[in-house]
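Chemist: Starting off with a structure, shown below.
The values are calculated or read from the model by the stated rules, or taken from the named source; none is laboratory data. Just so we're clear, the structure is a prediction, and the values are computed from it rather than from any experiment. FYI the Cβ positions are ideal-geometry reconstructions off the backbone, even for glycines, and counts take in every protein chain you see.
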Amino acid sequence: MLRTGDLKLMQELNRSIILNTIRKKGPISRSDIAKLINISPTTVTSAVNELINQRVVYEDGVGSSSGGRKPVLLRFDPNSRYIIGVSISNSFIKISEMNLEGAIIKREVHSTHQYQGNEIINLILTIIEQFITSKDNIDLCEGISIITPGIVDSSKGILSYNSKLKLYNIALKQIVEEKFNIQTHIDNDTNAFVQAENYFGSFSQYKDLLYITIGDGVGSGVMINGKTLRGYKGSAGELGHTTIVRGGLKCECGNEGCLENYVNWPAIYSKIVSSLLTRGKGTFIHDQVKGDLSKITPALFVQALKEGDVLCLRIMDEVVSHLSTSIINTIHLLNPEVIILSGEIIQDNELFLGAIRSKVAQGVIPILKEEVNIQPTSLGADFEMLGAAAVILQEKFQFVFQ
């Protein structure tokens, strides 16, 4: 005999499966839903009535009949509710209002002002508060999703470790929920990007993915057999803190020779500046910045590569060498079907992608050489916000990820 708690859980699961079926297959009739997912028509009708009352599903015309009354068709309404997504990096805090398909309705970008510790937490709360103050329909907010680099215990909503922002064991979910009384979800940013690729992107056919993002640091997320690999303490996928140069540069994590100290944008920027000050005269990038180092951006770096800038090509070769070593090691360890790269230095940079594919293919064991599949993110420039949206939606439409 089912207990009350078990029955409630089953009803919620059925409703989630039914909602996801309408979202993916709509317009669809109640009877077709019941047949498709092998649930009783009574259960479907009850769940659909609730979803219509919540305004996430609506009736939209009738279908053809094979005899008897024509069936009423159902559609998912992604604009019935909204999500607030927050993406934290070392440099920026991005916040957006999105519908239930991740379409951005409103967005803002704020500098972190190099704040750390309690100061950055207070800044995050202030930004969220200012963002939602103007909302007169806060009751339609499905939740707040916060994604951040570092080690995150997503089940408890704790940001366990972020050395750059000096955040350790912060109960961020509890802090935000107590202040705003809105259900809040916390996750590692690259884990969120993996989920977003699977949910919104072009890689839903893959069950084993490695996602690497290059920005202020180097993050990675892993999906195995369709599920995000989190590890014992939530630290699975810390590729940026794997040792690539024994006795190398000191990292903020306390280790030496971590990958991200050689591959992230600050490291690339530093190499460009150092080279310009010593022997970079006459190069494309030197001519573009004209002594203004603030003009050196990831986009300019990519443009310089396309122009054949020898300085930037040399730096790219160094980055590719370090990154390919880590990717080769990970391929031999996890054997992913696809490796997805993202970040501003990756966008529209086929030269970099070609170089990393070639280098990785040279280093893997022969049987895997033809299987090397390295692709740029399919999420576009909004990958951070789509990651934040996926954290909530993968729970709301949980059947998608199983």
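Chemist: Out of the residues in region 97-115 meeting the condition of being within 26 Å of I158 (Cβ to Cβ) and surrounded by 15 or more Cβ atoms within 10 Å (Cβ to Cβ), tell me which one is modelled with the lowest pLDDT.
Modeler: It comes out as G102.
Chemist: Residues to consider are D317, D382; find the one that is in a helix (DSSP H, G or I), modelled with pLDDT of 95 or more and of a type in the set (D, E).
Modeler: That would be D317, the only listed residue that is in a helix (DSSP H, G or I), modelled with pLDDT of 95 or more and of a type in the set (D, E).
Chemist: Ok, one more. Taking the stated definitions as given, is V360 touching a Ser or Thr at 6+ places or on another chain (Cβ under 7 Å) and either without any contact (Cβ under 8 Å) to a residue 60 or more places away in the chain or more than 22 Å from T190 (Cβ to Cβ) (or both)?
Modeler: Taking the combined requirement at face value, the residue satisfies it.
Chemist: How many residues does region 262-280 hold that are assigned to a helix (DSSP H, G or I) and either touching a strand residue (DSSP E or B) at 6+ places or on another chain (Cβ under 8 Å) or farther than 19 Å from K164 by Cα (or both)?
Modeler: 11
The rows are residues; the columns are (1) touching a residue at least 12 places away in the same chain (Cβ under 8 Å); (2) surrounded by 22 or more Cβ atoms within 10 Å (Cβ to Cβ).
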residue	(1), (2)
S204	no, no
I212	yes, yes
T242	yes, no
G257	yes, no
E260	yes, yes
W265	yes, no
K271	yes, no
S275	yes, no
K281	no, no
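Chemist: Can you name every residue in region 74-84 that is crowded, with 18+ Cβ neighbours inside 10 Å and farther than 28 Å from T148 by Cβ?
Modeler: Residues satisfying the conditions are L74, F76, D77.
Chemist: Would you call S87 loosely packed, with under 15 Cβ neighbours inside 10 Å and of a type in the set (G, A, S)?
Modeler: no
Chemist: Hey, another quick one. Filter region 236-250 for residues that are of a type in the set (D, E, K, R) and in a loop (DSSP other than H, G, I, E, B) and give the result.
Modeler: E238, R246
Chemist: Counting only residues that are farther than 30 Å from Y269 by Cα, of a type in the set (S, T, N, Q) and in a strand (DSSP E or B), how many does region 201-235 have?
Modeler: Residues meeting the conditions: 1.
Chemist: Hey, another quick one. Only one of these conditions is not met by N335: (1) buried (at least 17 other Cβ atoms within 10 Å of the Cβ); (2) in the same structural domain as G237 (by TED's automatic domain parsing); (3) of a type outside the set (D, E); (4) under 19 Å from Q205 (Cβ atoms). Which number is it?
Modeler: Answer for N335: the failing condition is (1).
Chemist: Next question. Just checking, does region 274-288 include any residue being of a type outside the set (A, V, I, L, M), farther than 19 Å from G240 by Cβ and either under 31 Å from the mean Cα position of the chain (by Cα) or not assigned by TED's automatic domain parsing to the domain that holds V364 (or both)?
Modeler: So far as region 274-288 goes, no, none of its residues is of a type outside the set (A, V, I, L, M), farther than 19 Å from G240 by Cβ and either under 31 Å from the mean Cα position of the chain (by Cα) or not assigned by TED's automatic domain parsing to the domain that holds V364 (or both).
Chemist: Further question: Report whether or not S294 is assigned by TED's automatic domain parsing to the domain that holds G354, under 34 Å from the mean Cα position of the chain (by Cα), farther than 20 Å from F352 by Cα and not in a loop (DSSP other than H, G, I, E, B).
Modeler: It is true that S294 is assigned by TED's automatic domain parsing to the domain that holds G354, under 34 Å from the mean Cα position of the chain (by Cα), farther than 20 Å from F352 by Cα and not in a loop (DSSP other than H, G, I, E, B).
Chemist: While we're here: Take region 173-200 and flag every residue that is of a type in the set (A, V, I, L, M) and either buried (at least 22 other Cβ atoms within 10 Å of the Cβ) or not in a helix (DSSP H, G or I) (or both).
Modeler: Result: V176, I182, I186, A192, V194, A196.
Chemist: Please verify whether V360 is within 30 Å of G231 (Cβ to Cβ) and either hydrophobic (A, V, I, L, M, F, W, C) or outside any helix (DSSP H, G or I) (or both), treating the condition exactly as stated.
Modeler: Taking the combined requirement at face value, the residue satisfies it.
Chemist: Of the numbered conditions (1) part of a loop (DSSP other than H, G, I, E, B); (2) over 29 Å from E260 (Cα atoms), S155 satisfies every one except a single condition; which is it?
Modeler: Unmet condition: (2).
Chemist: Of everything in region 164-190, what is of a type in the set (G, A, S) and touching a His at 6+ places or on another chain (Cβ under 9 Å)? Give them in sequence order.
Modeler: Residues satisfying the conditions do not exist here.
Chemist: For the structure I just gave you, tell me whether L333 is within 27 Å of the chain's Cα centre (by Cα), over 30 Å from E371 (Cβ atoms) and either in a helix (DSSP H, G or I) or without any contact (Cβ under 8 Å) to a residue 24 or more places away in the chain (or both).
Modeler: No: the conditions fail for L333.
Chemist: Then there's this: Between residues in region 21-35 that are under 16 Å from G61 (Cα atoms) and residues that are β-branched (V, I, T) and not in a helix (DSSP H, G or I), which pairs lie under 7 Å by C-beta distance while being six or more apart or on different chains?
Modeler: I22/I28; I22/V57; S29/V72
Chemist: Filter the strands (runs of 3 or more DSSP E) completely within region 45-105 down to those with at least 1 residues that are without any contact (Cβ under 8 Å) to a residue 40 or more places away in the chain and not small (G, A, S).
Modeler: 57-62, 92-98
Chemist: Select from region 125-152 the residues that are β-branched (V, I, T) and in a helix (DSSP H, G or I) and write down the one among them that is farthest from Y115 (Cα to Cα).
Modeler: Looking at the filtered set, the residue picked out is I138.
Chemist: Suppose the filter is in a loop (DSSP other than H, G, I, E, B) and out of contact with any helix residue (DSSP H, G or I) (no Cβ under 8 Å at 6 or more places or on another chain); does E371 pass it?
Modeler: yes
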